[in-house]
Amino acid sequence: MRTLLFLLVAAVASAGTPQRIISTAPSITEALFAIGAGPRVVAVTVYCKYPPEVHKLPKIGTYLTADVEAISALHPDLVVVEKQPNNLVQQLKLLRIPEIEVRSGNLEEVYQGAMAMGKAAGVEEGAIAFVTSTKAALIDIQARTSSLPHPTAVFIIGHTPGSLRGLIAGAKGSYFSDLLTIAGAKDVFADSVAPYPQITLEEILSRNPDLIFEMSGEAEPAQADVRALWQAHPSLRAVKNKHVYALPSGPFLVPGPRVLEAVRVLLQLVHPEVQP
């Protein structure tokens with residue numbers, strides 16, 4: 001009798017746990033796998049590339065334009081949505097498809113999103129373990145750089161192709177500014193009122209950072225092109241001292257579980273004397 005009762009309780013608990021989860025953003029996909037819900041993810045976006053297991057999953061459109069019909073056809077019992085100015089959540093509600101919204105604009109939002117997903121997907125312990133271990137590792141790195149000089153830096157996340165116009169920086173309140181701080185650098189746009197402001201080359205020249213970081217893609221030619229653009233401005237300290245770094249997008253592009261990998265890359269460039 002006790003065995004039967006246990007199996008009944010377990011079956012009821014399982015029935016209430018989402019078994020078919022759909023991710024609508026790369027950051028969400030990576031977090032779901034990191035907290036232990038990966039085996040129940042049944043579809044992702046075309047931009048979800050990590051972990052490798054997602055390559056074989058059905059695609060439901062892009063980050064900005066998810067295909068609601070494709071989502072509905074997969075009969076999900078949970079859709080995780082990155083908060084953005086579109087009507088995806090409203091469409092899901094009309095179809096009575098369970099959903100939650102999360103953010104990943106900065107590191108604290110990554111933690112909060114992981115905890116929200118853990119609760120919704122029934123893997124709270126996995127979410128707690130991920131957040132706890134990640135925080136501990138990052139706190140340790142920041143503690144080891146706290147007494148060292150903090151060179152000034154800017155993290156460029158985009159600009160007009162082939163020129164240094166339309167620059168967008170990761171500023172105060174952004175995930176990229178968080179990375180700089182933990183790695184022992186000082187964000188030159190720490191006074192920005194917007195986390196991802198569009199800035200001008202003149203502002204970079206005026207603030208004259210010690211280091212310039214820019215996401216450039218994985219291919220070496222693309223990285224060389226980025227470095228060449230900055231070489232046209234030798235008055236910049238970062239250029240003069242050869243501290244312009246074109247970074248493969250890799251762990252930087254997606255705010256989430258690979259944050260520790262991203263910080264370790266920056267740490268070796270900001271403070272090579274510190275062991276990662």
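Observations, loosely collected:
- Filter result for Val265 (touching a Lys or Arg at 6+ places or on another chain (Cβ under 9 Å), under 24 Å from Glu108 (Cβ atoms) and of a type in the set (A, V, I, L, M, F, W, C)): no
- Residue within segment 49-58 that is among the β-branched types (Val, Ile, Thr) and either free of Cβ contacts under 8 Å to residues at least 24 places away in the same chain or crowded, with 22+ Cβ neighbours inside 10 Å (or both) present: no
For every residue, the table says whether it meets (1) in the same structural domain as Arg103 (by TED's automatic domain parsing); (2) buried (at least 20 other Cβ atoms within 10 Å of the Cβ); (3) under 20 Å from the mean Cα position of the chain (by Cα); (4) farther than 17 Å from Val244 by Cβ.
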| site | (1), (2), (3), (4) |
| --- | --- |
| Val154 | no, yes, yes, no |
| Leu164 | no, no, no, no |
| Ser177 | no, yes, yes, yes |
| Ile182 | no, yes, yes, yes |
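- Residue among Ala129, Ala171 that alone is within 30 Å of Gly36 (Cα to Cα), modelled with pLDDT of 95 or more and small (Gly, Ala, Ser): Ala129
- Any hit, segment 130-149, residues being within 19 Å of Thr17 (Cβ to Cβ) and either among the acidic types (Asp, Glu) or out of contact with any Asp or Glu (no Cβ under 7 Å at 6 or more places or on another chain) (or both): yes
- A single member of Leu247, Leu269 is more than 18 Å from the chain's Cα centre (by Cα) and not basic (Lys, Arg), and it is Leu269.
- Screening segment 59-88 for residues that are modelled with pLDDT under 95 and in contact with a strand residue (DSSP E or B) (Cβ under 6 Å, 6 or more places away or on another chain) and picking the one that is surrounded by the most Cβ atoms within 10 Å (Cβ to Cβ) gives Leu88.
- Test: residue in segment 72-82 that is assigned to a helix (DSSP H, G or I) and over 17 Å from Pro255 (Cα atoms): yes
- Only one of Ala137, Ala120 that is touching a residue at least 60 places away in the same chain (Cβ under 8 Å) and more than 19 Å from the chain's Cα centre (by Cα): Ala120
- Residue list for segment 186-205, restricted to those being crowded, with 20+ Cβ neighbours inside 10 Å and under 19 Å from the mean Cα position of the chain (by Cα): Asp187
- Considering only residues in segment 50-72 that are closer than 19 Å to Gln90 by Cβ and among the hydrophobic types (A, V, I, L, M, F, W, C), the one that is nearest to the chain's Cα centre (by Cα) turns out to be Leu64.
The values are calculated or read from the model by the stated rules, or taken from the named source; none is laboratory data. Values in this document were obtained by computation on a predicted structure and should not be read as measured data. FYI the Cβ positions are ideal-geometry reconstructions off the backbone, even for glycines, and counts take in every protein chain you see.
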